[in-house]
Amino acid sequence: MRVAFLGLGTMGYPMAGHLSRAGFETSVFNRTAATARRWTQEFTGSAAPTPAAAATGADVVCLCVGADDDVREVLVGPQGALAALAAGAIIVDHTTTSAQVAVEIAALAQERGVGFVDAPVSGGQAGAQAGRLSVMCGGAAETIERVRPVLAAYGTTITRIGPVGTGQLTKMVNQILVAGAIEGAAEALNFAMAAGLDLTQVLPAVSGGAASSWYLVNRAPTMIRDEFDFGFAVDWMRKDLRICLDEATRRGIPVPLTTLTESDLSDAHDRGDGRLDATAIIRLRRLATDPQADPED
């Protein structure tokens with residue numbers, strides 16, 4: 001099976017690497033050509049100058065880019081991959097996008113006899129590097145089964161949710177849960193520090209019970225040390241939550257905690273923390289507790 005991978009960012013680079021290691025004939029495209037060349041030095045595969053060139057002859061095209069407009073550009077833009085695909089090929093979009101763009105691209109693909117799966121992932125950079133992502137799929141059952149061997153190269157949980165668009169809606173559920181976990185960890189850890197508690201005792205106590213979360217277990221030590229130069233950036237989480245808020249508004253669904261988190265991420269961006277891990281919002285809580293203190297000092 002020949003696979004093209006479009007977008008070699010934090011997630012896409014290792015995901016494409018897993019495809020190569022799994023034995024798929026892999027062609028890659030990245031907007032910054034130097035990154036694609038570096039990928040070919042690390043993995044077996046070829047780099048293409050355009051999405052269309054990468055997709056030519058491919059059975060499956062996977063992509064993991066930035067947002068809705070990026071998906072449109074690499075698939076149906078002037079040098080987009082869709083026009084280069086033969087009938088029977090399948091597009092798998094791992095980008096976190098709106099559900100609407102998934103439905104839009106699926107319709108265009110269907111006109112050419114090409115299958116489409118919206119398949120956003122969860123697990124972060126560490127999950128991508130380890131090949132242990134959760135893949136949330138929207139699309140026809142038979143189409144998803146055809147690409148399951150591809151997804152299995154980097155996914156340990158591969159779930160068909162329903163028709164096209166439901167993968168993206170499920171990723172919104174995931175990000176709403178993540179928003180709550182980050183807010184809870186930031187507020188609780190700031191409370192503990194401001195109360196003068198011994199965090200070496202507090203963390204094992206609360207992590208061993210019902211209050212535990214991935215963020216509390218994996219990010220609490222770095223939040224306490226004010227270390228955020230890694231992970232899923234404030235600006236990317238903010239983008240994802242805006243997708244959630246737009247969908248919630250469209251459906252008339254209240255999401256107050258997600259609204260609060262998006263506002264905090266916007267404030268963190270305005271502070272200049274947009275490239276830091278999203279858990280950097282704890283700095284806002286620390287400043288609110290002691291307006292004279294700068295967490296960066």
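The values are calculated or read from the model by the stated rules, or taken from the named source; none is laboratory data. Everything quoted here is computed from the prediction, not taken from an experiment. When we count neighbours, we look across all protein chains shown, and the Cβ atoms used for this are built from the backbone with ideal geometry, even at glycine. These area figures cover heavy atoms from the full protein model, side chains too; ligands, DNA and RNA do not enter into them. Shrake-Rupley method; radii C 1.70, N 1.55, O 1.52, S 1.80 Å.
Compute the convex hull volume of the Cα atoms of the range 181-297, divide it by the residue count, and report the result per residue in Å³ as a whole number.
On the way: hull volume 12.9 nm³, N = 117.
Output value, Cα hull per residue: 110 Å³.
For the chain, return all DSSP H helices satisfying: extent of Cα atoms along own axis at least 18 Å; mean Kyte-Doolittle hydropathy at least 0.5.
99-111, 166-194
Within 10 Å, count the other beta carbons around each residue, average over each peptide in 83-93, 217-227, and list them highest first.
Details: 83-93: 20.2, 217-227: 16.3.
The packing order, highest mean first, is 83-93, 217-227.
Would you kindly give the portion of the calculated P(r) for the chain that falls above 32 Å, as a percent of all Cα pairs? Could you put the intermediate results ahead of the total?
Details: 13355 of 43956 pairs.
That fraction is 30 percent.
Would you please give the residues with an amide H less than 5 Å from that of Gly45, counting only those at least 5 places away or on a separate chain, with H modeled from the backbone geometry?
Excluding prolines and chain starts, which carry no amide H, there are no hits.
Between Leu189, Leu199, Leu245, find the one with the highest GNM mean-square fluctuation for the chain; connect C-alpha pairs within less than 10 Å.
Result for the chain, Cα springs under 10 Å: Leu199 fluctuates most.
Probe radius 1.4 Å, ligands and nucleic acids ignored: give me the carbon and sulfur share of the accessible area of the chain as a rounded percent. Before the final figure, lay out each step's value.
Numbers: 7160 of 13420 Å².
Answer for the chain is 53 percent, counting heavy atoms of protein chains only.
Which value at 222 nm does the chain reach when only helices count, each DSSP H run of 4 or more adding -39,500 (n - 2.57), with the total divided by all residues and rounded to the nearest 500 deg cm²/dmol? If you can, show how the numbers build up before the last one.
Values: 13 runs with 155 residues, N = 297.
Mean residue ellipticity, 222 nm, calculated: -16000 deg cm²/dmol.
Averaging sequence separations of C-alpha pairs under 8 Å and six or more residues apart, then dividing by the length of the chain, give the relative contact order as a whole percent. Don't jump to the answer; show the numbers that get you there.
On the way: 536 pairs, mean separation 37.6, N = 297.
Result for the chain is 13 percent.
Which residue fluctuates the most in the chain, going by a Gaussian network model with Cα springs under 10 Å, if the choices are Gly231, Gly45, Gly209?
Gly209
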